[in-house]
């Protein structure tokens, strides 16, 4: 048997990624998205594939040079809708997805929209005669190239600037014709679903909606005006969840969300209410884990999570996170105890769907396996795709070892350590400390190519879920707002102490740290508060909460909910939690990586930190990625992802 090779950067581009599996109504077929890298053209190619649940054979169903995504079966199982960015006429922009429908039995895909700004989240009506979708609209075309901005929310990471643009619901009949706009006005719709011939949607139709970024649930007849179903300050959906679902008989509505009782750190629950509106009832009362799939993973394509989903068996199905695992659960619509269906110690559920007969298809996340499509019938699980078999056979993917200890804060800290490739018990190895984003992101049972590359280059890799992370309890994640750089910092440093003491092969004199987003903030905090690390890489970071408040696409909401005020109300607190205040303490060689179109953590955050380090004579470099946003490490252009990892390895090898 040939010797397996350590994982290197270019192994990423041989991966074939599967996502968004959708089971057909009769359970015979699974439509899913297959994504591969075209390294030479520096892009991704996504097509719809079909897996036969009886034979296990997978075949390509669509093809082209665009991105085909979001396959959804018609209620009768005869047609499939999807979105595609494939241009069909000269001069058309490639990156604006349009709606297509294709007969399964054979025939060409038919394009149903020609919408300038593209379509999102299309869904069949219950009778299969219509399709709804959400699309950005721009009622008044601006004159010239000046951006005339009148509202707080005018840009968004991954979308760019959108002054005067609002997302609204449209419908289009299966027989064809011009899409009809259902909702109108200076507000945005965040998600929509059919309820009979009416439409449910969530968002906020108040004129000052973007100031507080709250949601409410509305019902609208396509020929009428929206009726508000909930009152108060809600956050609906999030973490990729669909967010709202009517019961099979149309009498009740289930939705995921929370009421901000503990600010942005409030955990989501399943709520149920009458379809005509009333006070929602919390169905998952007493269920401690947060909802959705929060697991960090850099080898998956984002999928729609159907949480919540009504089964034909009287249960509501939903995903949750706890202790490094994403689970699929169910609970009776009347309440009672939550039952876990999927998600084990060694793997997590990523995306899933279920038909009316209870046949379930899903993709998994695991530390040493890329996602593949699985099937569950009558309680028995079977893998039905194996695109990465050869990839796995040739590589030495490193498993991780779980560790726990009680922190100085009195809570349990959970973490993992990965031995380097070619591990020799008699040697000592440098250790890279990875810090996740969020701050309510989650590390655990999922494949991180970045971790494997570091291990392949001879580093021990440690990662934990510090105080404030998602995937545990509300008390755990709600302890962070107003206390950044306190117990979370202590958890990380105490984890380093734990690993140096427990694993005699870890070299405590050769430590590095790196992270992005919240992980970038924490990297900045670490190097401004200790000289213990020999090298650091800070990515898409926050260095100054004051300027972040006014420059981030979510600065005024996130800043207020995390620092608990506004800069002019408590300037001292904003600066006290800003790494830039303590930058004169830095001695650690620190590499700054940032995307130029990052509107979540704007590049000025990286610029500030780099300039200060350079001015102070600290070894530093600044790498800027043009055309990239906050998602560079997960969905950036292949060659930029490669360059990013090369810079990290170069920096660590220089200083460790």
Residue 501 versus (1) assigned to a helix (DSSP H, G or I); (2) surrounded by 20 or more Cβ atoms within 10 Å (Cβ to Cβ): which is the lone unmet condition? (2)
Quick check: is even one residue across the stretch 469-484 farther than 20 Å from residue 448 by Cβ, more than 25 Å from the chain's Cα centre (by Cα) and either outside any loop (DSSP other than H, G, I, E, B) or outside the structural domain of residue 609 (by TED's automatic domain parsing) (or both)? no
Residue that is surrounded by the fewest Cβ atoms within 10 Å (Cβ to Cβ) [pool: residues in the stretch 293-336 that are within 22 Å of residue 23 (Cβ to Cβ) and out of contact with any strand residue (DSSP E or B) (no Cβ under 8 Å at 6 or more places or on another chain)]: 312
Members of the stretch 564-597 that are part of a helix (DSSP H, G or I) and closer than 27 Å to residue 532 by Cα: 573, 574, 575, 576, 579, 580, 581, 582, 583, 584, 585
Answer yes or no as to whether residue 656 is buried (at least 19 other Cβ atoms within 10 Å of the Cβ), in contact with a strand residue (DSSP E or B) (Cβ under 7 Å, 6 or more places away or on another chain) and at pLDDT 95 or above. no
Inside the stretch 526-558, the number of residues satisfying the requirement of being assigned to a helix (DSSP H, G or I) and within 19 Å of residue 491 (Cα to Cα) is 4
Just one of the numbered conditions (1) in contact with a helix residue (DSSP H, G or I) (Cβ under 6 Å, 6 or more places away or on another chain); (2) exposed (fewer than 14 other Cβ atoms within 10 Å of the Cβ) is not true of residue 107; which one? (1)
When residues of the stretch 180-189 are filtered for being touching a residue at least 40 places away in the same chain (Cβ under 8 Å) and surrounded by 20 or more Cβ atoms within 10 Å (Cβ to Cβ), how many remain? 3
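Yes/no per residue for (1) under 25 Å from residue 10 (Cα atoms); (2) at pLDDT 95 or above:
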| site | (1), (2) |
| --- | --- |
| 419 | yes, yes |
| 423 | yes, yes |
| 434 | yes, yes |
| 443 | yes, yes |
| 446 | yes, no |
| 451 | yes, yes |
| 454 | yes, yes |
| 465 | no, yes |
| 472 | no, no |
Unmet requirement for residue 543, which otherwise passes all of (1) surrounded by fewer than 20 Cβ atoms within 10 Å (Cβ to Cβ); (2) touching a residue at least 24 places away in the same chain (Cβ under 8 Å): (1)
I'd like to know if the stretch 32-43 contains one or more residues that are part of a loop (DSSP other than H, G, I, E, B) and crowded, with 16+ Cβ neighbours inside 10 Å. no
Selected residue [crowded, with 21+ Cβ neighbours inside 10 Å, over 30 Å from residue 109 (Cα atoms) and at pLDDT 95 or above] from 200, 229: 229
Looking at the stretch 598-636, which of the residues that are touching a residue at least 60 places away in the same chain (Cβ under 8 Å) and in a loop (DSSP other than H, G, I, E, B) is surrounded by the fewest Cβ atoms within 10 Å (Cβ to Cβ)? 631
Name, by its number, the condition in (1) modelled with pLDDT of 95 or more; (2) more than 29 Å from residue 391 (Cα to Cα); (3) surrounded by fewer than 19 Cβ atoms within 10 Å (Cβ to Cβ) that does not hold for residue 458. (2)
Failed condition for residue 438, given (1) crowded, with 21+ Cβ neighbours inside 10 Å; (2) at positive phi; (3) at pLDDT below 95: (1)
If you take just the strands (runs of 3 or more DSSP E) that sit entirely in the stretch 239-346, which of them hold at least 2 residues that are in the same structural domain as residue 126 (by TED's automatic domain parsing)? 244-246, 252-258, 261-264, 269-274
Which of (1) under 24 Å from residue 69 (Cα atoms); (2) over 22 Å from the mean Cα position of the chain (by Cα) is the odd one out, the single condition residue 294 does not satisfy? (2)
Checking residue 481 against (1) on the phi < 0 side of the Ramachandran plot; (2) touching a residue at least 60 places away in the same chain (Cβ under 8 Å); (3) buried (at least 24 other Cβ atoms within 10 Å of the Cβ), which test does it fail? (3)
Taking the condition in contact with a helix residue (DSSP H, G or I) (Cβ under 7 Å, 6 or more places away or on another chain) and over 18 Å from residue 451 (Cβ atoms), does residue 550 pass? no
Failed item in (1) outside any loop (DSSP other than H, G, I, E, B); (2) in contact (Cβ under 8 Å) with a residue 12 or more places away in the chain; (3) over 18 Å from residue 427 (Cα atoms); (4) over 18 Å from the mean Cα position of the chain (by Cα), with residue 520 passing the rest: (4)
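The values are calculated or read from the model by the stated rules, or taken from the named source; none is laboratory data. What you are looking at is a predicted structure, and each value in this text was computed from that prediction instead of being measured. Ideal geometry is used to build each Cβ from the backbone, glycine not excepted, and the neighbour counts take in all protein chains shown.
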